[in-house]
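Read through the structure below, which is laid out as structure tokens, and then see the notes.
The values are calculated or read from the model by the stated rules, or taken from the named source; none is laboratory data. Just so it is clear, the model here is predicted, and its values are computed rather than measured. Here the Cβ is made from the backbone with ideal geometry for all residues, glycine too, and neighbour counts use every protein chain on show. Surface areas here come from the heavy atoms of the whole protein model, side chains and all, with no ligands, DNA or RNA. Shrake-Rupley method; radii C 1.70, N 1.55, O 1.52, S 1.80 Å.
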Amino acid sequence: MDFLGQHLSVATMMFLLLALGLALSFEFVNGFHDTANAVATVIYTHTLKPTYAVVWSGCWNLIGVLASTGGIAFAVIALLPVELVISVGSGAGFAMVFALLISAIIWNVGTWYFGLPASSSHTLIGSIMGVGLANSAMAKGHVFGEGVNWAKASEVGISLLVSPVIGFVCAALLLLLSKALIKREDLYRAPDKDQPPPPWIRGLLMLTCTGVSYAHGSNDGQKGMGLIMLILIGILPATYAVNLDTTEVSVQEIAQSAVAIRSQMGRHAPGVALAGYQTSADELSSYLKTTGVSTERTYAAISNECFEISEMMQGKKSLAELSIDERRTLRTSLYLVAESLGKLLKQHKLTDPEDIAAAALLKSRMDKVTKFIPLWVKVAVAVALGLGTMIGWKRIVVTVGEKIGKEHLTYAQGASAELVAMGTIMAADYMSLPVSTTHVLSSGIAGTMAANRSGLQMDTLRNLLLAWVLTLPVSVLLGAGIFAFGLNLVIRLGVK
């Protein structure tokens, strides 16, 4: 049958639907697991009734997803082994995608069942690390551990570790500051039973709930988008290997820039010749590993790939003029060159200002062709995340609202925790860093309880810390185990 410009067998169509279903299920679980934090404060301060609160939060999650840039989606994908990203349509690539999704869903559902606000971001990143480790252990010619982009993993890991500390400290300081500046006793009093707060407080809490929900959608929703794009690239390369909406002007700009970069890279590798484009691709794949070091062969490989890119794109009015195989090849070349140029720039290997400017410009142009998210993918993820928010919120809300502090949440505590969470997540979104809504907000509430001397329920905090500590190693093991099982299965079935 024909689907989105490609002929698919019934089996492939079923495989595609299953993969997309799992990816959207991950976002659905993410919705009722993480976003429940956003509605906890408005529910426990009686600002909104639960039904209205979760619908309101779900709608703003949806808007946040639609307004997202996609930067975080591809920052998460960058954690994956290079060879799996560029060969996502292979059996190993499919095993990778399924391992990521299944392991993340298992841990998220398990922690939700016990009412533990664990991090979906931690879960997904742990699964990615598990896949990378398993791939390096099973693939020939690999050193164990090099399948993980450790530089990117450390960058993401720091953001996930620092954000809860920021949540705790900043929420506590904001509460103390508001006490010093805003002399309204009703703001710092526990809500009367079943009585809504005064209108101005109600407006403030609705604003903070809206902000956290929007920020969560714009940050967490992107992780599912990235995985869906991997699935589409692997199964429907004719439509999604490269951005077919790229204008004729952009196509020619890339072709011309590639010619210029080819000449510049050639100056760094005088007399170095690589036999064939596959050799160049292998050289750049090796360089992009964590242990990869730039040599003259790296520059020669970039030069070769740029020549191939310019040859394929020169004179083309649209990328739709390329055959399916050419689109696959072009995507691989664009991805390898862009990531290699990015690494050279980050390591300050290029010193000539003209080389630096040209490399940065070409990388930016290439990224727009390979790192794109269609509107329908955003809409599908937004709906899944929003529906998840509306359905499974209660377990996590009870933990956040009742079991962190020994006293009832006050209006000021709820507003302080949510304002800090909103600001932290939006800042991370601007820097294309994935953070945990769960960690930031629950830490913020704990910070306000400590600042208010309301007391903390140590049993709950111990369980939260245990879930936070276990999430990464458990998801690493789940991801590695499921990937190893899936890879052996596809090998036995003869899928290449």
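In region 425-450, the residues that are open to solvent by 10 Å² or more (accessible area, probe 1.4 Å) form Cβ pairs under 9 Å with partners that are acidic (D, E), at six or more places apart or across chains, as follows: L433/E155. Of all residues in region 259-282, those satisfying the criterion of being at pLDDT 80 or above, open to solvent by 40 Å² or more (accessible area, probe 1.4 Å) and part of a helix (DSSP H, G or I) are V259, A260, R262, S263, R267, Q278, T279, D282. Annotation note: Cβ proximity below 9 Å between a residue of region 168-180 that is closer than 17 Å to T208 by Cβ and a residue that is surrounded by fewer than 23 Cβ atoms within 10 Å (Cβ to Cβ) and polar (S, T, N, Q) (sequence gap 6+ or interchain) occurs for A172/N452; L175/N452. A single member of V156, V109, V131 is closer than 16 Å to L227 by Cβ, modelled with pLDDT of 70 or more and under 21 Å from the mean Cα position of the chain (by Cα), and it is V131. Among the residues of region 17-43, those identified as of a type in the set (S, T, Y) and buried (at least 21 other Cβ atoms within 10 Å of the Cβ) are T35, T41.
Listed by first and then second residue, the pairs with beta-carbon distance under 6 Å, at least 6 apart or on different chains, first residue in region 125-153 and acidic (D, E), second modelled with pLDDT of 65 or more, are E146/S136; E146/K289; E146/T290; E146/T291. Screening A382 against (1) touching a residue at least 40 places away in the same chain (Cβ under 8 Å); (2) open to solvent by 30 Å² or more (accessible area, probe 1.4 Å); (3) within 30 Å of N219 (Cβ to Cβ) leaves a single unmet condition, (2).
Considering region 383-434, the residues that are among the aromatic types (F, W, Y) and modelled with pLDDT of 75 or more include one that is nearest to the chain's Cα centre (by Cα), namely Y430. Answer yes or no: is there a residue in region 238-251 that is buried (at least 16 other Cβ atoms within 10 Å of the Cβ), acidic (D, E) and farther than 20 Å from L79 by Cα. Among the residues of region 238-251, not one is buried (at least 16 other Cβ atoms within 10 Å of the Cβ), acidic (D, E) and farther than 20 Å from L79 by Cα, which makes the answer no.
Residue under question is Y335, and the condition is that it be open to solvent by 10 Å² or more (accessible area, probe 1.4 Å), more than 19 Å from T370 (Cβ to Cβ) and at pLDDT 90 or above; does it hold? No: the conditions fail for Y335. Just one of the listed residues (G221, G226) is within 19 Å of F28 (Cβ to Cβ), open to solvent by less than 10 Å² (accessible area, probe 1.4 Å) and modelled with pLDDT of 80 or more, namely G226. Restricted to region 290-313, and to residues there that are in a loop (DSSP other than H, G, I, E, B) and touching a residue at least 60 places away in the same chain (Cβ under 8 Å), the residue that is surrounded by the most Cβ atoms within 10 Å (Cβ to Cβ) is T290. Among the residues of region 348-368, is any open to solvent by 30 Å² or more (accessible area, probe 1.4 Å), touching a residue at least 24 places away in the same chain (Cβ under 8 Å), closer than 30 Å to G21 by Cβ and outside any helix (DSSP H, G or I)? For region 348-368, residues open to solvent by 30 Å² or more (accessible area, probe 1.4 Å), touching a residue at least 24 places away in the same chain (Cβ under 8 Å), closer than 30 Å to G21 by Cβ and outside any helix (DSSP H, G or I): absent.
Can you find, within region 457-477, the residue that is nearest to the chain's Cα centre (by Cα) among those that are at pLDDT below 75 and open to solvent by less than 40 Å² (accessible area, probe 1.4 Å)? Filtering first and then ranking leaves A467. Please give the number of the condition A190 fails out of (1) at pLDDT below 80; (2) in contact with a Pro (Cβ under 9 Å, 6 or more places away or on another chain); (3) of a type outside the set (V, I, T). Looking at each condition in turn, A190 falls short on (2).
Given the criteria more than 22 Å from G423 (Cβ to Cβ) and at pLDDT below 80, does V148 qualify? Yes.
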